[in-house]
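What follows draws every value from the coordinates through simple rules; no lab data is involved. Model, not experiment: these values are computed from the prediction. Positions of Cβ are generated from backbone atoms using ideal geometry, with glycine treated the same way; all protein chains shown enter the neighbour counts.
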Amino acid sequence: MILRALPYAEPAVERDQRPPQPRPYALPDHSGVVVDLRAPEQLTIDLREGATEAPWLMSQEGLLGASGWERAAKRLLDVTVGGLVLAVLSPVLLSVALMVKLSSRGPVFYASDRVGCRGRRFRFLKFRTMCWDADARRHELYDQNEVPDGVVFKIRRDPRITRVGRVLRKLSIDELPQLLHVLSGKMSLVGPRPPLPEEVAAYGAWEAQRLLVKPGLTCVWQVSGRSDLDFHTWVSMDIQYIRDWNLWVDLKLIARTVPAVLTGHGAY
């Protein structure tokens, strides 16, 4: 069975005859797969696969069921902390931009399409850490992928990474331009990391649950092993974060991100 959630169009009827607005719907016979009929983009969830995976989300738990003030508090945290960090580290960012530009051929920033909340694509920025033709050379390295399941592509000693880029990745400095996405509202400080469109194309219904919230700059698996973990563990941690979310969870994960970045464990 394929369930397809189409964009919602309000019928042209009188105000007193207007039907109630659609609400996110949890499928009771599939452990709570959430389908939001208000989503602006088309979303397809294939219920033939993943039904035995765990955990599954219900429509009103954790971050999905957060109240208006809780969402406002999360957004306030994003803007306040994100803006402060961006201001304090602006001299570092300028220095890094100069290093990237002078150390290798190519632009300062690497831009790519990523998939955000409910399938919305956005242009994603980070400091360039690879050679200028890295995307063209990617197909040559597929057989060296070190992440099980083949959905995500990562190599511990990727030959495309520059000398400066290796340092930036180790300390996660290359991710700092994403603070601009946090301030613009496309991302949050804490949430599942934004995937590539080709990664999302390989998702089943279970993995697609991580797209129900804004992507984040940091997340549970970023402070719990990062790239040393397999993809299934990443998704499980993301779903558990959504289920258990409260503002205190975000504050703890932000605090844990600092030592995780400084030690560089699992970063490559």
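The slack in the chain from Phe122 to Ala87, taken as 0.36 nm per residue of separation less the alpha-carbon distance, amounts to 10.2 nm. The lysine pair count for the range 66-263, using Cα distances under 25 Å and pairs eight or more places apart or on different chains, is 21. For the range 158-172, 3J(HN,Hα) computed residue by residue from phi via the Karplus equation (6.51, -1.76, 1.60; θ = phi - 60°) reads 5, x, 7, 6, 7, 5, 5, x, 5, 5, 4, 5, 4, 9, 6 Hz, glycine and proline entered as x. Can you classify the range 66-263 as rounded, prolate or oblate using the Cα gyration tensor, where a ≥ b ≥ c are the square roots of its eigenvalues, rounded means a/c under 1.5, and otherwise it's prolate if a/b beats b/c and oblate if not? Taking the square roots of the gyration eigenvalues as a ≥ b ≥ c, the range 66-263 is oblate.
Put simply, when 179-188, 114-123 are sorted by average Cβ atoms within 10 angstrom per residue, most first, you get 179-188, 114-123.
With a cut-off of 15 Å between beta carbons, the residues surrounding Gly82 carry a summed charge of +1, where Lys and Arg count +1 and Asp and Glu -1.
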